[in-house]
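Structure first, then comments.
The values are calculated or read from the model by the stated rules, or taken from the named source; none is laboratory data. Here the structure is a predicted model, which means the values were calculated and not measured. Virtual Cβ from ideal backbone geometry, glycine too; neighbours counted across all protein chains shown.
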């Protein structure tokens, strides 16, 4: 971090502390308020704006490239050949093995979709197990839904059923996000996801379900 950026950051921190001390109920300093504080230093302000715009431009170009290659959405692929091609040519991949008649597979699809735009560096795909019988056997998939994580084509994590998600159909997307973060297939990022209503114990009320199907 260069001296100009450090200086601007220090002044921003000072502004936050000053505002907090003046009014305990005050929120964080708004960007426009902070920019007003820098009006007397046009050189620093112009540098900051130019740097921000350059970084934003690069991030937008990167996001566009990823989106064009299938990132940012949950894509249903038609065959296990596509699963193999994607997982072996993509750095980070999350694969949902599902069956369309299973309620919990439908729920998992929905939760995965809520993560895709936030984690553009990861490719999210799903495949109907009826179209991937070889992989089902090869990977030892016996219970659905089954979400598998791959880095450079190697399995690094597996979520089977909802046991690790509170064993409830109403689990929060952030719980799924946390499980994927643990195996390194997605990065930790700030951003609000829709949360399930917690109970005193931290999970939504357990829903008895027979939708974690054995796949023997």
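Look through 150, 162 and report the one residue that is in contact (Cβ under 8 Å) with a residue 12 or more places away in the chain and either within 19 Å of residue 75 (Cα to Cα) or surrounded by fewer than 19 Cβ atoms within 10 Å (Cβ to Cβ) (or both).
Details: 162 fails: either within 19 Å of residue 75 (Cα to Cα) or surrounded by fewer than 19 Cβ atoms within 10 Å (Cβ to Cβ) (or both).
Residue meeting the stated conditions: 150.
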* Asked: When region 121-147 is examined, which residues are found to be closer than 21 Å to residue 63 by Cα and surrounded by fewer than 18 Cβ atoms within 10 Å (Cβ to Cβ)?
  -> 121
* Determine, yes or no, whether residue 117 is more than 28 Å from residue 143 (Cβ to Cβ), modelled with pLDDT of 75 or more, assigned by TED's automatic domain parsing to the domain that holds residue 143 and surrounded by fewer than 16 Cβ atoms within 10 Å (Cβ to Cβ). => yes
* The lone exception for residue 40 - which of (1) assigned to a loop (DSSP other than H, G, I, E, B); (2) at pLDDT 95 or above it fails -> (2)
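Is there a residue being on the phi > 0 side of the Ramachandran plot and at pLDDT below 95 anywhere in region 72-81?
So in region 72-81, the residues on the phi > 0 side of the Ramachandran plot come out as 72.
From the residues that got through so far, the ones that are at pLDDT below 95 too are 72.
Scanning region 72-81, I find at least one residue that is on the phi > 0 side of the Ramachandran plot and at pLDDT below 95, so the answer is yes.
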